[in-house]
Amino acid sequence: MNAVFNFLENKLMPPLNRLANLRVVQAIMQAGIVTVPFTIVGSIFLIINNLPDIIPPLAPFFEQTILKLSPLYSIVTTMSIDSIAIFYALATAFYLTESYRKESEKQMSSFVGAILGLFAFLLTIIQVDIQNGQAQLLQDSAEGSMIYNGVALDSWVTRFSGVGIFIGIITSILAVQIYRYCIVKNVTIHMPKGVPDGVSKAFASLIPAIFIAITMVVINGVLAFFHTDLHAILTEPFEFVKGLTGSWLGIVIIMLLIHLLWIVGVHGTAIIKNSFINPILLVALTENINGAENIFAGDFVNMYIFLGGAGSTLGLVLLMVFNAKSDQLKVLGRAAILPGLFNINEPVIFGAPIVYNPYLMIPFILAPIINVTISYFAASVGFVNKIISGIPWISPVGTGAFLGTGGDFRGVFIAIINLGISILIYYPFFKMYDNKLYSQQK
């Protein structure tokens, strides 16, 4: 066991910690957190459209009343979930600029950085092709979608949705680096003293904006010469990565990495899920909204796996409350039950503790993997609907599964089954640890 801890602490943790602390990764993580409310708000109005499926006996009533206003309130979903790449581009550029500004480049403006990041992203939306030295905007039409003057459209601008998230992140980072270079090298327009600070910073962004425009035009032009663009180039490798994360084995590996980090005291959820996996889950969610069948999408993790938080620790907390003999675990269970119901489990991870605890580390890793297996195959065989709406990560057991699947009660059943299984997995290890503490107490 010591060899395992030594490997995790000395070999695995250092590179992952360095990766997680990179300025760019921190900015992406913050952007992901900021965009969550928009996915939840958009999902609320998306759920309204699914009310006839959620409550079939009232379907005629909904169709004659609230659903008649669907074109009106569906705008909320269009401007949130279907425009999520815009929020990602703005937020990534903002937080990256803010990081530079706080550390050294005081002249940089986080707001200007955000606008420049969005500007760079918007310059990738139009599809242009160059043939025989002539540039032309693409035009195409197909059932349910079209390209008009270079803009791909379905119900809204296609590249504003989840498919544009990664390009939004990349172009925002590029834009901020150009902005920072201009500030550091003093390649800006300086206004006379007495000019308001807001006006001065606005003009200071003019030269960076010109450089960003030239850079993006050159990139677009070179790619157009080869009859492609940034979005098309990213599609194949991204689909490969998404395919890995959408497979049972891929999800198991992700869960394993997250929980191996947790047991040595590192926030595995933040490093692995929040930084790298959430954008993929969001893309899969937007595809599901448009009819795709992705299993690993939206908040699949909190709906079915993180019941009580990482490690499915709600089962452990319930054992502490109702079955513990030692005062330590009894008191901890009472203190942790309320946050645990809302998927907050730091009190258990650091209070039991689970960190560096050979008694509890095995079920802490095993329970999520079993939950992944049950949930994945339940969705793959069609026992439960695919995820079509975002949910708050603090949703109690079953609530998120019900809302995320568009009102499928079978999702609630899977979540409860997973909770019961996590209790069974934790029980023998919990009893050994509780007996040890009880003996020490006596």
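The values are calculated or read from the model by the stated rules, or taken from the named source; none is laboratory data. Please read all numbers here as calculations on a predicted model, not as lab measurements. Reconstructed Cβ throughout: ideal geometry from the backbone, glycine too, with neighbour counts over all protein chains shown. We work out accessible area using only protein heavy atoms, side chains counted, and drop any ligands, DNA or RNA first. Shrake-Rupley method; radii C 1.70, N 1.55, O 1.52, S 1.80 Å.
A few remarks follow.
- Some residue of region 272-291 being outside any helix (DSSP H, G or I) and within 20 Å of F166 (Cα to Cα): yes
- Looking across region 151-193, the residues that are in a loop (DSSP other than H, G, I, E, B) and either among the small types (G, A, S) or on the phi > 0 side of the Ramachandran plot (or both) come down to S155, S161, N186.
- Residues of region 293-327 that are closer than 13 Å to L360 by Cβ and part of a helix (DSSP H, G or I): G315, L316, V317, L319, M320.
- Cβ separations smaller than 8 Å between residues 6+ apart or across chains give the following pairs from region 246-262 residues that are within 13 Å of V301 (Cβ to Cβ) and open to solvent by less than 60 Å² (accessible area, probe 1.4 Å) to residues that are of a type in the set (S, T, Y) and assigned to a helix (DSSP H, G or I): I251/T245; I251/Y376; V252/T373; I254/T245; I258/T269.
- Scanning region 78-111 for residues that are open to solvent by 20 Å² or more (accessible area, probe 1.4 Å) and either outside any helix (DSSP H, G or I) or among the small types (G, A, S) (or both) returns M79, S99, S104, E105, K106, Q107.
- Hits in region 164-173 - residues which are open to solvent by 30 Å² or more (accessible area, probe 1.4 Å) and within 15 Å of F94 (Cβ to Cβ): I173
- Sole residue being at pLDDT 80 or above and in contact with a Ser or Thr (Cβ under 8 Å, 6 or more places away or on another chain), chosen from V76, V41: V41
- Among the residues of region 333-378, those identified as under 30 Å from F409 (Cβ atoms) and of a type in the set (S, T, N, Q) are N343, N345, N371, T373, S375.
- Considering (1) at pLDDT below 85; (2) of a type outside the set (K, R); (3) part of a helix (DSSP H, G or I), the lone condition that I258 does not fulfil carries the number (1).
- Among (1) aromatic (F, W, Y); (2) touching a residue at least 12 places away in the same chain (Cβ under 8 Å); (3) open to solvent by 40 Å² or more (accessible area, probe 1.4 Å), the one test that F61 misses: (2)
- Looking only at region 166-183, and only at residues there that are among the small types (G, A, S) and within 19 Å of the chain's Cα centre (by Cα), the one that is modelled with the lowest pLDDT: G168
- Number of positions in region 331-340 that are within 15 Å of S422 (Cα to Cα) and open to solvent by 30 Å² or more (accessible area, probe 1.4 Å): 0
- Residue identified as of a type in the set (F, W, Y) and either in contact with a Cys (Cβ under 8 Å, 6 or more places away or on another chain) or within 21 Å of L281 (Cα to Cα) (or both) among F350, F383, F413: F383
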